[in-house]
Amino acid sequence: MLTAIASVPTEVPKKGDVIDHAWKPLIKQPLPAGRPRSWYIAHNRRLKAMRLAIALLDAGTFGPTQATDEKIHRTAEIIGVHPPSGATCRMVRRMMQAQR
C-alpha cells in the first residue's frame, strides 16, 4: 500500500507546477480573515479528508465500505498527516461515495 511514497520529493510544488502527488499541498495561502472559528475548522477538515480520500483511491481503496477507520488512520500515518477524528473519517467515506 502506497509504496511509491518513499520516493516523493520533499519540496512543496509551487503554483502552476505539475503535481505528481495530489495529497501534497501547494504553497499555503493565507485564509480569509474575519470568519468564525468553526469555518476554519471545517475548512481544514475538508482539506485533510480530500488528501486522505485521494491517497486511499491511489492505494486501491475504491469504495466507502473498504475505507475502515483503521485503514484511514494507517493512510494518514503513511502520508504524514495527524490522525483523523471520527468526523474526518466519516467525511472521507462520504467523499468516496459521492458520484459527481
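The values are calculated or read from the model by the stated rules, or taken from the named source; none is laboratory data. Everything quoted here is computed from the prediction, not taken from an experiment. Positions of Cβ are generated from backbone atoms using ideal geometry, with glycine treated the same way; all protein chains shown enter the neighbour counts.
Per-residue answers, yes or no, for (1) surrounded by 12 or more Cβ atoms within 10 Å (Cβ to Cβ); (2) at pLDDT 90 or above; (3) assigned to a helix (DSSP H, G or I):
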| site | (1), (2), (3) |
| --- | --- |
| 11 | no, no, no |
| 56 | yes, yes, yes |
| 77 | no, yes, yes |
| 81 | yes, yes, no |
| 84 | yes, yes, no |
| 95 | yes, yes, yes |
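So, in the stretch 26-54, of the ones that are of a type in the set (A, V, I, L, M, F, W, C) and part of a loop (DSSP other than H, G, I, E, B), which residue ends up farthest from residue 93 (Cα to Cα)?
33
Would you check which residues across the stretch 29-72 are hydroxyl-bearing (Ser, Thr, Tyr) and touching a Lys or Arg at 6+ places or on another chain (Cβ under 6 Å) and list them?
Within the stretch 29-72, none qualify.
Evaluate the following for residue 65: is it among the hydroxyl-bearing types (Ser, Thr, Tyr), modelled with pLDDT of 90 or more and either in contact with a Gly (Cβ under 9 Å, 6 or more places away or on another chain) or loosely packed, with under 12 Cβ neighbours inside 10 Å (or both)?
Considered against the rule, which asks whether it is among the hydroxyl-bearing types (Ser, Thr, Tyr), modelled with pLDDT of 90 or more and either in contact with a Gly (Cβ under 9 Å, 6 or more places away or on another chain) or loosely packed, with under 12 Cβ neighbours inside 10 Å (or both), residue 65 comes out as yes.
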